[in-house]
1. For residue 31 and residue 119, FRET efficiency with R0 = 25 Å and r from the beta-carbon atoms, rounded to 0.05?
2. Computed on alpha carbon atoms, what radius of gyration and Dmax characterise the range 24-158, expressed in Å?
3. For a quick protection proxy, order the peptides 43-51, 79-87 by their average other-Cβ count within 10 Å, most packed first.
């Protein structure tokens, strides 16, 4: 392979990798996530839902004040002046991906739904930051879910996962 061909391939690979990074929330700001209630944790947009009866917020700390147990507060954030929590698939606490079963992964100590990427793997450290190796493919958190509007209250709620 000529040096010129090698550099062209290197540039293409770098551009592809950079494009993949743009899909995530690299500055760790919830506002970078497009879906309603989608929060940015571990450089990925993760599906969230509104916290019932929460007041308007300006930062994550305001949303986390009254959350119990305290470990669950890690999965709460403020976006567009409203408090949201990650949509978890169980009430159990996790500390590592292997604590979550099936197509789920551990983000901020809660198990959340995951979707496959196009990358192959044999173990978690072969996947990107905030991703999990499941069945030979890297998985990332589901970024958002459709929301339904309650016609009686006007409150938006998440569809069941």
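Taken together, the values in this text are just the output of simple stated rules run on the coordinates, not laboratory data. What you see is a predicted model, and the numbers here were worked out from it, not measured in a lab. Cβ sites come from the backbone with ideal geometry, for glycine too, and all protein chains shown count toward neighbours.
1. Details: r = 27 Å, r/R0 = 1.07.
Efficiency, from the Cβ-Cβ distance: 0.40.
2. Rg, Dmax (Cα atoms, Å): 14.9, 49.
3. Top of the packing list down: 43-51, 79-87.
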